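The values are calculated or read from the model by the stated rules, or taken from the named source; none is laboratory data. From a predicted model like this one, the values you see are computed outputs, not experimental measurements. As a convention, Cβ positions derive from the backbone with ideal geometry for all residues, glycine included, and neighbour counts pool all protein chains shown. Calculation scope for accessible area: heavy atoms of the full protein, side chains included, ligands and nucleic acids excluded. Shrake-Rupley method; radii C 1.70, N 1.55, O 1.52, S 1.80 Å.
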Amino acid sequence: MARILIVGGGPTGLTAALALCHHGLRPRIVEKRTTPSPLSRAVGILPSSMEIFDRLGVGKQIRDRAVVIERMEVHREGGKVLELPLALDPDPDVRLLSLPQDETEAILAEALAERGIQVEYAAACEGLDNPDGPVEVTINGIAETFDEVLGADGSHSVVREALGIVAEGFDLPEDWSIADLDLAEPIDPHAEIHLRGSHAVVFMVPMDTARVRLVSNTSDALATMGDGLDVANIRRTGEFRISVRQVPTYRVGHVALAGDAAHQHSPVGGRGMNLGIADAAEWAERLADGTLEGYGASRHAAGRHTIGLSESGRKAFLTGGLRRSLSLQVLKIVSAVPPLARRVARRVILA
Ligand SMILES: Cc1cc2nc3c(=O)[nH]c(=O)nc-3n(C[C@H](O)[C@H](O)[C@H](O)COP(=O)(O)OP(=O)(O)OC[C@H]3O[C@@H](n4cnc5c(N)ncnc54)[C@H](O)[C@@H]3O)c2cc1C
């Protein structure tokens, strides 16, 4: 049987491993962390990912634990100025789900364990040689050989570096921040709220009836949110910078890249994890089919499309003045006309 290595136990690596099991292959998956990540980074799960999860047998577990985001609201200091319904589509699968990334990862890892594959924690890939095969990989100081390798090792990918590939693009200068909070009182878990000041924006995404994620284009999401939330417990706050980057080449010889190792963009629109899940599923399917030569071109095009969408979303949300007022007015009209609202919701959720 082919010796297959997946580097990285994030959502991309876990999906790739599970998809390979689905095709009757048995990879190894190494993760440099000593334990699963407790971080709730990506919360939005799109229907395209649910389609993959259903195929891999974990869709029900995800749906059972996720909340459905039924509408997007825009608030200003004076209160709500827009409500866009997101759950109008008669197809119940055209929905945006919200689940903390650590829970999604736990479900994937559990399913892998049920299929007899354990994520190898505290196992770091330190380098890689001879991508034309057999690929030589150093894991915790020991050299091992593999027939196929997937670098799903995130934005600072060692695999990408070993291949000499540079993710092309740019870094945004602003500090962004997140806050993961438990609230004192339950809230409606079905509304994603965008709170806009003159320059600052906070996105509040519910993860449960009393747990929310704030993301802001300022360095302190909680302070930018103001006094509107009764916070019982701050699980985590953090700052981050946004890179908008993509590798020109997704595959060299028998080594491929997927997920954040291949692309990064802003969290606006919540697409990063979903794109990695799609990379992973396609890589596994192509490996099983013997069509890996088409992987790079196909995923590069998909990545470019998603980065374009995410960048236009980021610019639309963050521009000020007349353009923003106009786009709000247009959205207000759209949200009042169900067929139009349905089309916009499909675009938000499915594009
Ligand atoms: C604040 C924030 C909010 C976000 N919200 C969303 C959202 O709502 N929806 C969405 O789709 N995306 C969102 N994202 C993006 C999303 O979190 C990432 O796109 C996603 O985690 C990428 O998954 P990955 O598996 O490719 O990489 P990662 O999650 O980074 O996983 C890579 C793994 O590889 C391991 N690793 C690294 N190097 C090595 C090595 N040398 N050897 C072994 N293991 C290694 C790491 O420890 C890590 O566990 C958000 C990101 C942020 C920061």
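Out of the residues in segment 164-188 meeting the condition of being crowded, with 20+ Cβ neighbours inside 10 Å and over 19 Å from the mean Cα position of the chain (by Cα), tell me which one is farthest from residue 124 (Cα to Cα).
181
Would you tally the residues in segment 214-238 being open to solvent by 60 Å² or more (accessible area, probe 1.4 Å) and hydrophobic (A, V, I, L, M, F, W, C)?
Going through segment 214-238 one residue at a time, the tally reaches 3.
When segment 131-164 is examined, which residues are found to be more than 15 Å from the ligand (Cβ to nearest atom), in contact (Cβ under 8 Å) with a residue 12 or more places away in the chain and part of a loop (DSSP other than H, G, I, E, B)?
131, 132, 133, 134, 147
Looking at this structure, is residue 195 at pLDDT below 90, more than 19 Å from the chain's Cα centre (by Cα) and away from the ligand (no atom under 15 Å from the Cβ)?
Criteria met by residue 195.
If I ask for residues that are within 14 Å of residue 32 (Cα to Cα), open to solvent by 20 Å² or more (accessible area, probe 1.4 Å) and touching a helix residue (DSSP H, G or I) at 6+ places or on another chain (Cβ under 8 Å), which ones from segment 125-151 would you list?
Matches in segment 125-151: 126 only.
Out of 41, 33, which single residue is outside any strand (DSSP E or B), closer than 23 Å to residue 137 by Cα and either near the ligand (Cβ under 8 Å from one of its atoms) or not small (Gly, Ala, Ser) (or both)?
Criteria check complete, one pass: 33.
Tell me, which residue of segment 272-288 that is in contact (Cβ under 8 Å) with a residue 24 or more places away in the chain and surrounded by fewer than 23 Cβ atoms within 10 Å (Cβ to Cβ) is farthest from the ligand (Cβ to nearest atom)?
For segment 272-288, the residue satisfying everything is 288.
Hey, among 302, 256, which residue is aliphatic (A, V, I, L, M), closer than 26 Å to residue 347 by Cα, within 15 Å of the ligand (Cβ to nearest atom) and modelled with pLDDT of 95 or more?
The conditions single out 302.
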